[in-house]
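The values are calculated or read from the model by the stated rules, or taken from the named source; none is laboratory data. All of these numbers come straight from a predicted model, not from anything done at the bench. Methodologically, a virtual Cβ is constructed for each residue, glycine included, from the backbone with ideal geometry; neighbour enumeration extends over all protein chains shown.
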Amino acid sequence: MKSPIHQGSIIRKLYRHYHRWLPQSAVKTTAKTEKSSFFQVASRYDALFLDAYGVLYGGSLTQSDLGPRIGENLYRLRQQGVHLRLLSNNGHESVATIVEKLQQLGIVLKPQEIITSGMVAAPFIRATALHDHAYHLIGSAQTREAYAPDPQRLIWQPDHPQPARYILACSDSIYYGSESQKWVEESLAEAPLPLLVVNPDMVVPRPDGSWFPVAGYTALDLHQRYGAPFIGIGKPFSPIFRYALQSLPAMTNPRLLMVGDTLETDILGANLCGMDSCLTLSGTMASMDRSWPDYCAEQGVWPDWVVEHIAD
């Protein structure tokens with residue numbers, strides 16, 4: 001079972017594991033960060049990649065009325081010709097669900113402007129030797145409907161004709177105490193199956209100032225206990241960024257910006273693929289026991305920009 005985390009030091013320690021699995025070029029150790037307002041920053045770029053939870057909604061934004069102001073900013077940027085993409089480690093909600101959720105907040109994004117890590121799973125697997133093998137899914141009913149590749153290969157009954165060859169980790173919302181947990185851990189006890197981690201987020205911020213562990217936390221736990229290889233698909237790992245870049249129209253030397261609230265997924269991933277990055281203080285950072293400069297220095301990761309939130 002999982003419990004809320006109340007200490008920022010635990011979050012920082014968890015996320016430092018990702019440094020081991022990424023090239024050192026992803027780590028900007030020189031502080032050249034500027035603090036500004038979001039619209040002033042965003043207007044400089046040809047395309048924006050926006051994280052969802054903690055940036056557009058959730059976290060410290062839950063009780064706020066910033067949605068319409070965020071929606072207005074995105075509308076103005078689109079009118080200026082800036083290409084918008086939501087880029088989320090969401091491995092359970094469908095695009096239609098996300099569109100509706102945003103509309104209720106006064107934020108309009110088109111379905112073709114939304115990219116989730118769940119969308120990347122199937123093409124990623126098709127390009128590997130795992131594509132024709134059975135697998136276990138750490139995910140919800142929504143995950144199965146929206147993102148599970150080759151449903152006939154998904155093991156959801158004990159008498160499946162094929163043994164699992166990998167585990168797809170999307171959402172752990174119903175994992176603990178389920179039959180799925182039993183099957184996954186029995187399989188891992190027999191052999192360290194690769195963990196394809198669609199959602200590498202360790203935690204999500206809660207309105208009360210704590211953080212709640214999510215799929216990345218569970219995947220890291222399985223990696224540590226069973227020696228299962230951890231293969232990242234979502235941010236900060238490159239598959240989701242490659243997918244997102246391919247979604248843009250052809251441009252010559254485009255100016256690209258990743259906007260996110262989590263230093264070790266959004267910002268680290270942007271640094272890895274060579275785009276600029278903007279850290280918002282409205283999500284993971286809102287309750288952190290470090291100022292953002294101290295946090296960046298401790299983790300060894302720096303964004304190009306810092307903003308309070310994206311409603312300015």
TODO: Name every residue in the range 288-312 that is in contact with a His (Cβ under 9 Å, 6 or more places away or on another chain) and either among the hydroxyl-bearing types (Ser, Thr, Tyr) or crowded, with 22+ Cβ neighbours inside 10 Å (or both), in order of residue number.
DONE: 301
Task: Residues that are assigned to a loop (DSSP other than H, G, I, E, B) and surrounded by 24 or more Cβ atoms within 10 Å (Cβ to Cβ), drawn from the range 188-203 - done: 198, 199, 200, 201, 202
TODO: Tell me which residues, restricted to the range 45-103, are assigned to a loop (DSSP other than H, G, I, E, B) and over 21 Å from the mean Cα position of the chain (by Cα).
DONE: 45, 46, 63, 64, 65, 66, 80, 81, 82
- [ ] With the condition kept exactly as written, say whether any residue in the range 166-182 is farther than 30 Å from residue 296 by Cβ, of a type outside the set (Lys, Arg), in contact with a strand residue (DSSP E or B) (Cβ under 7 Å, 6 or more places away or on another chain) and in a helix (DSSP H, G or I).
- [x] yes
Task: Candidates 106, 71, 81, 59 - the one that is outside the structural domain of residue 162 (by TED's automatic domain parsing) and in contact with a strand residue (DSSP E or B) (Cβ under 9 Å, 6 or more places away or on another chain) - done: 59
Open item on the list: Can you tell me which residue is nearest to the chain's Cα centre (by Cα) among those in the range 104-159 that are under 24 Å from residue 71 (Cβ atoms) and assigned to a strand (DSSP E or B)?
Closed with: 116
Task: Qualifying residue in the range 159-169 (condition: crowded, with 22+ Cβ neighbours inside 10 Å and under 19 Å from residue 93 (Cβ atoms)) - done: yes
Task: Selected residue (only one of 96, 31, 129 is surrounded by fewer than 19 Cβ atoms within 10 Å (Cβ to Cβ), in the same structural domain as residue 146 (by TED's automatic domain parsing) and either under 24 Å from residue 145 (Cα atoms) or at pLDDT below 95 (or both)) - done: 129
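Among the candidates 301, 259, which residue alone is part of a strand (DSSP E or B), of a type in the set (A, V, I, L, M) and assigned by TED's automatic domain parsing to the domain that holds residue 50?
Values: 301 fails: part of a strand (DSSP E or B).
Unique residue meeting the criteria: 259.
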TODO: Name, by its number, the condition in (1) out of contact with any Phe, Trp or Tyr (no Cβ under 6 Å at 6 or more places or on another chain); (2) modelled with pLDDT of 95 or more that does not hold for residue 278.
DONE: (1)
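Could you grab me the full set of residues in the range 82-133 that are basic (Lys, Arg) and out of contact with any Ser or Thr (no Cβ under 7 Å at 6 or more places or on another chain)?
Once the filter is applied, which keeps residues that are basic (Lys, Arg) and out of contact with any Ser or Thr (no Cβ under 7 Å at 6 or more places or on another chain), the range 82-133 yields 101, 110, 126.
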- [ ] Considering each residue of the range 144-172, count those that are at pLDDT 95 or above and among the polar types (S, T, N, Q), and give that number.
- [x] 1
